[in-house]
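Please treat every number below as a calculation from the coordinates, not as lab data. Note that the structure is predicted; figures quoted are calculated from it, not measured. A quick note on method: Cβ atoms are made from the backbone with ideal geometry, for glycine too, and the neighbour counts reach across all protein chains shown.
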Amino acid sequence: MVKKIKYLILGGGPSGLTFAHSLLDLGISKNELLVLEANAEAGGLCRSTIVDGAPLDIGGGHFLDVKKKEVLDFLFRFLPQEEWNSYHRVAKIILRGQEIDHPLEGNLWQFFREDQLNYLESIAQTGSVRGETMPESFIEWIRWKLGECIANDYMLPYNRKIWAMDLNLLGTYWLYKLPNVSFRETLRSCLEGKASGTLPAHGTFLYPKHYGYGEVWKRMGSALGSQLIRSSPITSIDLTTRTINKTYQAEKIITSIPWMYWLEANSSLPERIRENIKKLVNISIDVDYQKKNLPTKAHWIYEPSEKISYHRMLVRSNFCPGSRGYWTECNAARSLPTNGFRHHNEYAYPVNTLEKPKSINTILEWAKTNKIYGLGRWGKWEHMNSDIAVSEAMAMANEIVSQG
Ligand SMILES: Cc1cc2nc3c(=O)[nH]c(=O)nc-3n(C[C@H](O)[C@H](O)[C@H](O)COP(=O)(O)OP(=O)(O)OC[C@H]3O[C@@H](n4cnc5c(N)ncnc54)[C@H](O)[C@@H]3O)c2cc1C
């Protein structure tokens, strides 16, 4: 028998879970909403598991850095404030045999003098310092903003590793998310021998005292009770009757799953929408555990050397009390075989290609006219941290409920 549901939420990651709870907070009755999640556990990329006796975040390194009070209050409802440790971020980059603090352009003072001079000379010649217009391609932007030295030593190899694709395909419209250190701040940091400029995301961060990052989302899922159906992948979508998996007939569909699943689940999508979904690009990340303790105070370390497959190490012994070892993040296209613990994240990063904004806007506009709302990292095809996923889900719930 087909069950009628007013708000059907596809995906039980941070976005879908927050949307469901926000509906309840807005007075929507439990019977009017349902979350369908493919995995046996809620939390999506933010899930954790236990490896070698301690938590490991299977979607990669996850740290909580929240700007909005209502988001923090919401998360503390599920994992109270006293259950989190607070840390001052220590993030390093391995370069020229040294561990340098991130962001590099704010910490060149940590290099030997001759190296500092080379970097500074190269930044002084950039288009951004000379007042030239910002380019639209990512590769050109790197040289325009940071100069040949940082481009060749760090930014180009690191980005070739993480994206494992032709970097010419990437746009620059998302770069406001990267640290923005001016040349003046770089010079000042070298003169004063200390960091200068705006700190990047996670300047301070929270991490659970006794659990992995997944705990908060696991609890959020449990609190939904029978309104969350786990192990229930979306396999069929009938747009005419608005019926999902031949079982749930929805008035409004909130989708936080990758749009590719819509291609598989629905054969009657308009051709124009199918074409635009096919233009969306994602990368996959493998997370591998290593039990060796690293002699560093860093919470995480960026590894730009192309001789090494992974691009980041998450030093869990420095933020997960009582644990040992570290885990790595590696683009799955570069991963080497392993006998150890590995978690493969097929959908890890949406890629900011030059043509993405046009494609996703076309999809979202079509969707909205059909009472289908794209939400979260995959619904919007946007890099967003979990605090932003929460904030956007809250805002979207408000907006959709107010429409009746
Ligand atoms: C390497 C890495 C590091 C990160 N670091 C941080 C960090 O430090 N701090 C931070 O706040 N954020 C971080 N993030 C971002 C964070 O993971 C996301 O913001 C968050 O997971 C987005 O939530 P979401 O619900 O939109 O997507 P997801 O978490 O991807 O959830 C989508 C859900 O949909 C489900 N689903 C998929 N297909 C189907 C289907 N066919 N049927 C039913 N369900 C389906 C999935 O199983 C999943 O549960 C990081 C992400 C990555 C990849």
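Remark: relative contact order (the stretch 101-150) = 37 percent; criterion is Cα-Cα distance under 8 angstrom and separation of 6 or more residues. Note on the stretch 282-404: dipole from Cβ charges, positive end direction compared against Ser305, Ser386, Ser284; the farthest Cα belongs to Ser305. In this calculation the C-beta distance from Tyr173 to Asn293 is compared with R0 = 30 Å, giving a FRET efficiency of 0.15. Per residue of the chain, the DSSP helices (runs of n ≥ 4 H) give a summed -39500 (n - 2.57) that works out to -9000 deg cm²/dmol at 222 nm. Put in line by how crowded their Cβ is, counting other Cβ atoms within 10 Å and starting with the fewest, Asp57, Asp387, Asp73 read Asp73, Asp387, Asp57.
A Cβ-based charge dipole, computed about the Cα centre of the stretch 103-192 with Lys and Arg at +1 and Asp and Glu at -1, lands at about 200 debye. Multiplying the residue separation of Glu185 and Glu140 by 0.36 nm and removing their Cα-Cα distance gives an extension gain of 14.0 nm. Taking the inverse of the mean 1/r over every pair of distinct Cα atoms in the stretch 1-154 gives a Kirkwood hydrodynamic radius of 20.4 Å. Distance from the alpha carbon centroid of the stretch 211-254 to that of the stretch 72-96 works out to 28 angstrom.
You can think of it this way: the chain between Asn339 and Leu354 has 1.6 nm of extra reach, that is 0.36 nm per residue less the Cα-Cα gap. For the stretch 103-192, the Kirkwood estimate of hydrodynamic radius, built from reciprocal distances between every pair of different alpha carbons, is 13.5 Å.
Can you figure out the FRET efficiency of Asn118 with Ile308, using R₀ = 30 Å and their beta-carbon distance, to the nearest 0.05? About 0.80, to the nearest 0.05.
Based on C-alpha pairs under 8 angstrom that are at least 6 apart in sequence, the chain has a relative contact order of 26 percent. Within the chain, which DSSP H helices have Cα atoms that stretch 18 Å or more along the helix axis and a mean Kyte-Doolittle hydropathy of at least 0.0? Going by DSSP H runs, the hits are 386-402.
Taking every C-alpha pair closer than 8 Å and separated by at least 6 residues, the mean separation divided by the residue count of the stretch 103-192 gives a relative contact order of 39 percent. Think of the stretch 103-192 as having a plus end and a minus end, set by charges on the Cβ of Lys, Arg, Asp and Glu; of Thr172, Pro135, Leu191, Thr172 sits farthest toward the positive end of this dipole.
Evaluated on the chain, the Kirkwood hydrodynamic radius is 22.6 Å, with distances taken between all distinct Cα atoms.
Across the stretch 221-235, the residues whose backbone nitrogen lies under 19 Å from the label position 7 Å along the beta-carbon direction of Val2 are 234-235.
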